[in-house]
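This is the structure I have questions about; it appears just below.
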Amino acid sequence: MEQSLGRATTTDGTEVAYAVSGAGRPLVYVSGWLSHLELSWEMTDERTFYESLAAGCRLVRYDRVGCGLSPETGRPPSLAFELEQLDAVVAALGEEQVDLMGTSVGALVAVAWAAAHPERVRRLVLYGGWADGTAVSPPSARDHVLGLVAAHWGLGSDVLTDIFAPDSGAAARAAFAGYQRASSTAETARALLALSYELDVSALLPAIRVPTLVIHREGDRAAPVAQAEALARGIPGAELVVLPGRSHLPFAGDAQSVVAPIRRFLGLRAARRGSRGLTARQREVAALISEGCTNREIAARLGIDERSAEGHVERIRERLGVRSRAQIAVWFTTHREGPATHEVG
């Protein structure tokens, strides 16, 4: 699956970059805090998650202003500005009705847009969201994180990654921390994070009149599950699904457990776990695992460093949805003749 890039324009001329993958009914995805359409497509775990969502529908993602491919304008973040950007993306699709999914702070944006445009939304999915940003964490913790992001973006991104993705391996967390830094400046990151703590959509929840799925991990370290319960309680007829896990990022940890109820709710067929197969490099690593090689031995055989070998093993494990090296070895043995994908491994 590939993605195509486009540009939407708000009423004041602001450009918003968006990406489309898959085909079928549109599913507009409002991301969390930071994003980068191109870099996220190069990250195995994140891309696998998006491809799993896009099978059988048309997934539309966008970079909010100041992030990724959407240029900075100098206009400060606000809920009104967020809604203008989402307006522009939906208008560019030319569709009368869309499915809408918001993750993290994007869930609050999706709630506000669905409340304002009930006729335009067929179904609404809210993952890892909250109703009131002031209830996400104590003021002292919020001030500490905001100060850290502003003063030392490198350290701030590392700390937030540990909060967002505790179920991911060290290599995956390091890659995501770098991805966050590449997605925006420290100034923009802090401003958007501050907005996420300030937003409160509690009063809008009773106005939602579309079928809604609220999905959350019970141990989410960035957004307490009590806030998911508040969303579901406030939206008439909303369905609440609480999953095991601690990660705030939907593609971290057991991503397929997140994808499955979303696809079911949207009326899409179940996605096959591990259906993408492995890249050529990952198949080389899997072959060495099947021979009983350690990460150090894999690194020596392939001429890479040990940390890179560890990263490959972690991504293989998550892509295949398995927990152990023994399971990787079994998978390789049973798929020895299967084709590799054409990504760079």
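The values are calculated or read from the model by the stated rules, or taken from the named source; none is laboratory data. Since the structure is predicted, the reported quantities are computational estimates derived from the model, not experimental observations. Ideal geometry is used to build each Cβ from the backbone, glycine not excepted, and the neighbour counts take in all protein chains shown.
Scanning for something in contact with a strand residue (DSSP E or B) (Cβ under 8 Å, 6 or more places away or on another chain) and crowded, with 24+ Cβ neighbours inside 10 Å, does the range 69-76 turn up at least one residue?
Scanning the range 69-76 turns up no residue that is in contact with a strand residue (DSSP E or B) (Cβ under 8 Å, 6 or more places away or on another chain) and crowded, with 24+ Cβ neighbours inside 10 Å.
Right, here's the next one. Filter the helices (runs of 4 or more DSSP H) completely within the range 215-300 down to those with at least 2 residues that are under 24 Å from Ser35 (Cα atoms) and in contact with a Pro (Cβ under 9 Å, 6 or more places away or on another chain).
Those helices (runs of 4 or more DSSP H) span 255-266.
Please state which one of Val201, Val242, Val159 is of a type outside the set (Ser, Thr, Tyr), in contact (Cβ under 8 Å) with a residue 12 or more places away in the chain and touching a Phe, Trp or Tyr at 6+ places or on another chain (Cβ under 9 Å).
Val201
Of everything in the range 162-173 that's assigned to a helix (DSSP H, G or I) and touching a residue at least 60 places away in the same chain (Cβ under 8 Å), which residue is surrounded by the most Cβ atoms within 10 Å (Cβ to Cβ)?
That would be Phe164.
Answer with yes or no whether Ala8 is within 30 Å of Gln282 (Cα to Cα) and either at pLDDT 95 or above or of a type in the set (A, V, I, L, M) (or both).
No, not satisfied.
Give the number of residues within the range 10-21 that are touching a residue at least 12 places away in the same chain (Cβ under 8 Å) and either in a loop (DSSP other than H, G, I, E, B) or of a type in the set (Ser, Thr, Tyr) (or both).
Count: 6.
Just one of the numbered conditions (1) at pLDDT below 95; (2) of a type in the set (A, V, I, L, M, F, W, C); (3) closer than 21 Å to Trp113 by Cα is not true of Ala165; which one?
(3)
In addition: So Leu268 clears everything in (1) within 22 Å of Ala55 (Cβ to Cβ); (2) surrounded by fewer than 23 Cβ atoms within 10 Å (Cβ to Cβ); (3) in contact with a strand residue (DSSP E or B) (Cβ under 7 Å, 6 or more places away or on another chain) except one condition, right? Which one?
Unmet for Leu268, out of (1) within 22 Å of Ala55 (Cβ to Cβ); (2) surrounded by fewer than 23 Cβ atoms within 10 Å (Cβ to Cβ); (3) in contact with a strand residue (DSSP E or B) (Cβ under 7 Å, 6 or more places away or on another chain): (3).
Another one. Specify the residue that is surrounded by the fewest Cβ atoms within 10 Å (Cβ to Cβ); the eligible residues are those in the range 316-341 that are at pLDDT below 85 and within 23 Å of the chain's Cα centre (by Cα).
Checked the range 316-341; the qualifying residue surrounded by the fewest Cβ atoms within 10 Å (Cβ to Cβ) is Arg323.
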